[in-house]
Every structure is written in structure tokens, then in C-alpha cells.
Amino acid sequence: MRVISVVGFLGSGKTTTIAALARHLTSQRQRVAFLINDAGEVQIDGAIIRAGGHEVVEIYNGCLCLMRDDLYIGLADLAQIKDLEWVIIEPSGMADAERLTRLLERFPRAIDPHTAANYELRCRLSIVDAARYRLLMRSVPHLVRSSIRVADVVLLNKIDLMTESAITPIEADIRKTLKRDAPIKRVAAKEGLSQELLATILAGGGAASV
Ligand SMILES: Nc1nc2c(ncn2[C@@H]2O[C@H](COP(=O)(O)OP(=O)(O)O)[C@@H](O)[C@H]2O)c(=O)[nH]1
Ligand SMILES: [Mg+2]
């Protein structure tokens with residue numbers, strides 16, 4: 001069970017992105033399930049994904065990044081599903097990405113060896129809303145920075161709304177916050193993701209092969 005966590009502020013494009021990932025995995029006949037934490041914000045994310053025929057575990061009760069037990073029970077439940085290859089996690093848009101990521105990294109040590117053996121945190125994907133970057137950096141800089149710091153891959157989303165001269169300094173700013181040498185990819189998730197980028201994400205941000 002390979003896990004992809006998709007973090008980013010509310011409205012950045014997480015659900016749009018995971019719908020694209022889901023379509024890609026399903027077209028490759030890979031089985032995928034979702035762990036979604038709407039936390040009362042949109043309430044339709046689960047419905048959108050479920051409409052695509054996927055399994056969804058929804059956690060409504062508070063923020064996933066604070067709910068260690070709910071998160072671990074959800075993951076352990078999914079680990080019981082036979083032949084489940086991928087789990088995609090969408091936390092609340094208000095979640096602290098670093099806290100959630102620490103919980104995901106510690107899961108194998110907190111669970112029985114059999115479940116842990118099936119578990120791999122494959123990719124920490126961060127979605128950044130380019131169109132609202134400046135605004136969000138003024139209002140919730142800690143959340144935006146936290147979601148960038150954990151990333152194996154950053155998707156700089158909504159570039160359809162941006163000019164080149166506006167995107168370049170945002171990229172430079174994100175590069176300063178990134179801990180590792182993670183790729184920053186410009187996307188318009190609404191219009192879909194390239195096959196190459198999907199492969200990069202599924203490979204964990206490194207070599208573009210699955
Ligand atoms: N212009 C534009 N809008 C987008 C793009 N990707 C997502 N959106 C819109 O942004 C809004 C929030 O997207 P959603 O995936 O629900 O964000 P989430 O809250 O992070 O899950 C929706 O209205 C999407 O249609 C994009 O590439 N360009
Ligand atoms: Mg969403």
C-alpha cells in the first residue's frame with residue numbers, strides 16, 4: 001500500500017489533483033482508495049471521488065493532522081483491503097502539513113509488523129495556489145510554508161490565471177522554503193496533468209518511472 005499525501009491550503013486544488021491521479025491509476029487498472037478529511041469545509045470532496053467509483057474513508061471529526069488515532073485507524077482499515085495498491089490522503093485545507101507528515105512517517109512504528117510491511121509513504125505532494133500565493137502568504141504564512149517544507153514534489157497550480165512575470169518570483173520564494181531539492185512543477189490541474197508528471201508523482205518525485 002503506497003501512500004500519497006496531498007497537502008495545500010483550502011481551495012488550492014487538492015481534490016482536482018487527486019481526481020486526476022485517480023483517473024490515471026484507474027486507467028492503469030491499479031486499485032486506489034482515499035482518506036479524506038473535509039473537516040466541515042466543502043463536504044463534497046468525498047462525493048466527487050466516490051462518483052469515480054473509488055473507496056473513500058472520510059474523517060469528519062476535526063482535523064486529520066491532530067487526530068492521530070482516527071488517522072491510524074483509517075490507514076489500518078485500508079491496509080486490510082486486499083490488492084489495494086494506492087491510498088491518497090487529502091487532509092483539511094487548514095491542516096498543519098508538517099504535523100500530518102510526521103504522523104504518516106511514524107505510522108509503521110505504531111502499528112503491527114504485518115500492516116507496516118505493506119505501507120510505504122511514497123510521495124508528499126504539495127499544491128500551491130499561484131493565484132492566491134501573495135494573499136495567503138500574508139494571512140496564513142505558517143500553513144503555506146509548512147505545506148511546502150514537507151514536499152517531495154510541489155505543484156504550482158492555477159498558472160492559467162498567471163503571467164510569466166508573476167510566476168517566476170513565486171517559484172523563487174517557494175525554492176527558498178523547500179527543505180530538499182524537490183521539483184516545482186507549474187500546472188493547471190483543472191486542465192489535467194501530463195503523463196510525465198503523473199509518473200514523477202507516483203515515483204515519489206524522483207526518477208520519472210513507476
Ligand atoms: N483557474 C483554475 N482553477 C482551478 C485549477 N485547479 C483547481 N481550480 C479550482 O479551484 C477551486 C478549488 O479546487 P479544489 O480542488 O476543490 O481545491 P482543494 O480545496 O484544495 O481540494 C475549484 O473551484 C477548482 O475548480 C486550475 O488549474 N486553474
Ligand atoms: Mg478538497
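The values are calculated or read from the model by the stated rules, or taken from the named source; none is laboratory data. These numbers were taken from a predicted model, which means no experiment stands behind them. We place every Cβ from the backbone using ideal geometry, glycine too, and count neighbours over all the protein chains shown.
Quick look at the numbers
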quantity: The listed residue being at pLDDT 95 or above and over 21 Å from residue 23 (Cα atoms), out of 175, 186; calculated: 175
quantity: Of all residues in the range 179-194 being hydrophobic (A, V, I, L, M, F, W, C) and under 15 Å from residue 133 (Cα atoms), the one that is nearest to ligand 1 (Cβ to nearest atom); calculated: 188
quantity: Top-ranked residue in the range 150-165 [being farther than 18 Å from residue 3 by Cα and not hydroxyl-bearing (Ser, Thr, Tyr); ranked as farthest from the chain's Cα centre (by Cα)]; calculated: 164
quantity: Scope the range 2-23; condition farther than 20 Å from residue 159 by Cβ and either at pLDDT 95 or above or surrounded by fewer than 20 Cβ atoms within 10 Å (Cβ to Cβ) (or both); matching residues; calculated: 2, 3, 4, 5, 23
quantity: Some residue of the range 112-132 being of a type outside the set (A, V, I, L, M, F, W, C), out of contact with any strand residue (DSSP E or B) (no Cβ under 7 Å at 6 or more places or on another chain), on the phi < 0 side of the Ramachandran plot and modelled with pLDDT of 95 or more; calculated: yes
quantity: Sole residue being more than 14 Å from ligand 1 (Cβ to nearest atom) and modelled with pLDDT under 75, chosen from 53, 40; calculated: 53
quantity: Sole exception among (1) away from ligand 2 (no atom under 11 Å from the Cβ); (2) under 20 Å from residue 153 (Cβ atoms); (3) at pLDDT 70 or above for residue 65, by number; calculated: (3)
quantity: Flag if residue 78 is modelled with pLDDT of 85 or more, assigned to a helix (DSSP H, G or I), aliphatic (A, V, I, L, M) and within 20 Å of residue 150 (Cβ to Cβ); calculated: no
quantity: The one condition in (1) closer than 15 Å to residue 154 by Cβ; (2) surrounded by fewer than 18 Cβ atoms within 10 Å (Cβ to Cβ); (3) polar (S, T, N, Q) that residue 195 fails to fulfil; calculated: (1)
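Here is a yes/no grid of residues against (1) of a type in the set (Ser, Thr, Tyr); (2) closer than 24 Å to residue 179 by Cβ; (3) without any contact (Cβ under 8 Å) to a residue 40 or more places away in the chain:
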position	(1), (2), (3)
81	no, no, no
84	no, no, no
103	no, yes, yes
106	no, yes, yes
116	no, no, yes
140	no, yes, no
